[in-house]
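Computed from the coordinates by the stated procedures, all read-outs in this text should not be read as laboratory data. Values in this document were obtained by computation on a predicted structure and should not be read as measured data. Here Cβ is always computed from backbone atoms with ideal geometry, including for glycine, and neighbour counts include all displayed protein chains.
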Amino acid sequence: MSKNMTETEESQFQALLETVERLRSEKFSSLDPALVKEILWVHSNTAAETADLSRGVEMAVDRFLNVEGE
Amino acid sequence: MLQIKALHLENFGPFKGKQVIKFSVEDGVTIIYGENMRGKTSLLNAIRFVFFGKVIGRGTKSMPLHKVGNWEEASAGRHGFMVRLDFDDGGHNYELTRRCVLKNGVSSPSSDDDYGIEHYLKKDGDVLGPQQSQAELKRILPEQISRFFLFDGELLQEYEDLLSNETDMGRRISEAIERILGVPILTSARATLHHLKEKSEHREATAAQGDQKTREFGNQLADLHAQRTELGKEIERLEGDLDKARSQKASLEEAMKKKERVAALLEKRDTIEKLLKQIESKRITKEAEVQRAMSTAWCTLLIEPVRAVGKSLRERESDLQTELMRADVLKSLQVNAGAPCPACMQEVSLKAQERLQASLHCLSGGERLEKDVELSNLRRKIAALQQYEESGHESVLKILWDGLEEILIDYSAKRSERDEIDKQLENVDEEALRKTKFDFESVIRQIDVIEKGIAKTRSALDENNADTEAIQKRLNKLSTGTVDSERKRRQLFSELHSLFKEAVGAYREQLRKRVEADASTHFKALTTEPEYAGLQINGSYGLTILHRDGSLIPVRSAGAEHVVALCLMGALQNNAPLRGPIVIYSPFGRLDRNHTRNIVRALPTMTKQVVLLVYDDELPPDLARSELKGKLRGEWMLERVNARHTNLASLKE
C-alpha cells in the first residue's frame, strides 16, 4: 500500500488513519476497519479526479458486501 | 522533501544575462544579502514564476509579465526571460524551466498577450508530459500553500487576519493551512461518501418501487430523493456563488487596503466639499444682510450732527417745560388765592404770593397755546432723532462685516485645503476607487442574501432528511430480497459517511492542538520576554500570545507579529506532510537585535533548508556567522552594476 507514497505522505496517512480508526472503534464498531482504511487510502491520492474517487470507494464497498454475502 | 539545488535566471528583473545561485544540499541556511532595489523581491518572484507562472508586486497583486524582463535588455530590443529551478524531491532530481518568449511578429511588447509562456519539467533527466508534469508540481508544491514556503515579511497583515474569523483573507489562509496539514483527504472522503450515500438511497427507492409490497414507500422516497437532489444542487450553486462573492470581497478588501490613503483623501475632500457648500450658503445669507444694512449706511455719516441737534432740542424742551410749569403754578396761585401751595401743600403767605407774581411771567392764553404747540413739535423731533441715534448703524454694520469676513476666511482656508487634496489626487482614478467602494458594499449585501438563501435551503434539506428517515424506518419493516440488499448498502454508506464526517472535526481538533504546541515551543525559543508562556490557537489557526498568568495579550506590535508568523510557519513545517525550504524575504526588518539573534539561531530547527533574503543592517553577516556557525551553508551578495543590472556573487559556498 505504501510503495508509491513518500515518507512524509506515509506519516500523514498514518496520522489520519489513527484518528479515523479511533473513532471507528469507539463509535462505529460495526464498520469494517479494512474497508475504512481502504476508503482513506483511495482519498490520499490528492491529485485524483472526483469520479475516480467515487469509483474506487464503490468498488471497495461492493467487494466488501460481496465477501460478506458469501 | 523538496530541496532547492540551483536557481538559474536569464534576464529576470535586474538579473541581466544568465546568472545562477547554487544552494547546498546539506541542511542549513543560505543568506542572500542585498540593499533595497537590488533584486531580493525579484528572487522570491523568480521561484514563484517558475512554479506557478506568476509574479507578485508589492502587496499581493500579480505583476504584468511584460514588466518583469530585464529593462536594459528590453531597451536594447531583447525581450523575454527565463527561470530554471533545479531541485530534489523524494530522491528524484527535477529541473523545472519556465520561459517567457515574445510572440512572432511582436517587436515592442505592451501587455502579457504579447508573450507566450513555455514550461517543462524534467524528472531524473526525462521530460514529463504536460499532464504528468502538472500532477507532479501539484503534489510537490500546491500553489494554495506556497505562502508557507515563500514567506514575504511585508505581508504580515494576512497572518493577523487569522486572528479574526471574520475576514475572507483569514478564511483563505486557514483553508491553505488545512490543505497543507492534510484535512482535504478527509473532507474529500466525506464528500465522496455523501454522494454515494445519496446514490444508494436512490437505488433503494428504485428497488422499492419495483415491488408491489413496497411501491408506495418507494415512490415517496424517490420523490424525496429528487427533491433532495434539487436542494443539494441549489446549495452547491449558492455555495459556489458565496465562494465567488467572498473571493471578490477579499480582492476588493485588498484593493481598498492598498488605496487606503487615497480613499481617506477622497473622503476628506467630500467632507470639505460639503462644508464649502454650507459656508457658501452662509456667505450668501450674510451678504444679503450686509446689503440690507448698507442701504441705510449713509445714516452713520450724520450721527454726530444729529446728536448735536438732539442736544439743543432737548435743552429747548427743558426750558419750555420749566417755563410752562412756572406759568401753571402762578395761575393756580391766582385762581386759588389763600390755598396751600399745589407743589408742597404748605400755606403760602401773602408776601410770598406777591414775590412769586413779581418773579413769574404770567402767560396769556395765546402765548400758552403757542408754547404747547412748540413743546409738542419739539418732542416729536426729539423722538425721531432718538430713534435714529438708537438704531446703532455703525455697530450693526461692523458685526455684519466681521461675520462676512470670517466666513470668507473660512471659505478660503477650506478651498485651499481642497485644492491641496486635489493636487494629491491628480493622477488618481477616482472613478475606479469609488467603483471599488461601491462594488465592495454591493458584494457585502450579496453575501448576506446568499447566506440567508443557504440557511433556508439547508432547513428545507433537514426537513427532507427527517421525512426520508421516517419512511425508511417504515420500509425497513417490510422485507423483500432486492430492497433488503439495497438497504444494507445504503446503511453501510450512511455509517461510513457519519464516521468520516466526525473524523473531519476530530482531526481538525488534533491538528490545532499540535500546531499550538509546536508554535508555542518555537515562540518560547524566539521571544525575549520571560513572562510569555506560549501561544494559544483559535479556530482559524490564528495565534495569540499567552502570558504566564494565563491571560491573553490582545495587542501585539509588528515585531511580535513577525515572530508569531514565523512560529506558525515552523509549526506547520513540523506537522505537514509537504515539507520544503522556507524562503523568507525581509524577516528581521521589524525586529530588535536580540529577537534577530534568537530567530537566526532557531531557523535551522524549523526546516532543513532556509533561504534568507536580507540587507546587511537587518542581519549583519558577523552575527549570522556567529549564530549559525556550521549551519550557514552559503552567502551571496546582490552586487549593483547599475540601476537596471544586478550581479549575483557568492561570498561563501
Residue by residue through B:509-517, how many Cβ atoms from other chains fall within 10 Å of the Cβ on average? 1
Principal axis lengths of segment B:488-597 from Cα atoms, whole Å, largest first? 67, 36, 18
When you look at the Cβ of every residue in A:34-46, what mean number of other chain Cβ atoms sits within 10 Å? 4
Quick check: Cα centre of segment B:480-559 to Cα centre of segment B:57-123, how many Å? 40 Å
Modelled FRET efficiency - R0 30 Å, B:ASP462 with B:GLU441, Cβ distances, 0.05 increments: 0.40
Chain lengthening between B:GLU370 and B:GLU26 when straightened (0.36 nm per residue, less Cα-Cα): 110.7 nm
Alpha carbon centroid spacing (whole Å) that separates segment B:581-618 from segment B:248-307: 54 Å
Summing -39500 (n - 2.57) over every DSSP H run of at least 4 residues in chain B and dividing by its residue count gives a helix-only mean residue ellipticity at 222 nm, to the nearest 500 deg cm²/dmol, of -21000 deg cm²/dmol
Between B:ASN594 and B:LYS257, how high is the FRET efficiency from 1/(1 + (r/R0)^6) when r is the Cβ-Cβ distance and R₀ = 45 Å? Nearest 0.05. 0.90
Residues of segment A:10-46 with amide N under 12 Å of a point placed 7 Å along Cα→Cβ from B:GLU509: A:23
Rank B:MET294, B:GLY232, B:GLY80 by how far each Cα sits towards the positive end of the charge dipole of the protein assembly as shown (+1 on Lys, Arg Cβ; -1 on Asp, Glu Cβ) and give me just the farthest. B:GLY80
Provide the gained length on full extension for the span B:ASP616 to B:LEU301, in nm with one decimal, where the gain is 0.36 nm per separating residue minus the Cα-Cα distance. 105.4 nm
Principal axis dimensions, largest first and in whole angstrom, of chain A by Cα: 37, 30, 20
Output row, site B:GLU405, 7 Å Cα→C-beta label point, backbone N cut-off 17 Å, window segment B:291-324, residues B:291, B:294
So if each residue of separation counts as 0.36 nm, and I subtract the Cα-Cα distance between B:LYS54 and B:ASP319, what length gain in nm does that give? 84.7 nm
Under 18 Å by backbone N from the virtual spin label 7 Å along Cα-to-Cβ at B:SER62, the residues of segment B:98-136 are B:98-103, B:110-120, B:134
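Please list the equivalent ellipsoid semi-axes of segment B:1-70, computed as the square roots of five times the alpha-carbon gyration tensor eigenvalues, in descending order and whole angstrom.
Numbers: eigenvalues 90, 40, 32 Å².
Its equivalent ellipsoid spans semi-axes of 21, 14, 13 Å.
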Given charges of +1 on the Cβ of Lys and Arg and -1 on the Cβ of Asp and Glu, with all other atoms neutral, how large is the dipole of the protein assembly as shown about its Cα centre, in debye to the nearest 20? 480 debye
Among the Cα-Cα pairs of chain B, the proportion with separation greater than 32 Å, in percent, is 70 percent
Within the P(r) computed for the protein assembly as shown, what percentage of the Cα pairs occupies the region above 45 Å? 50 percent
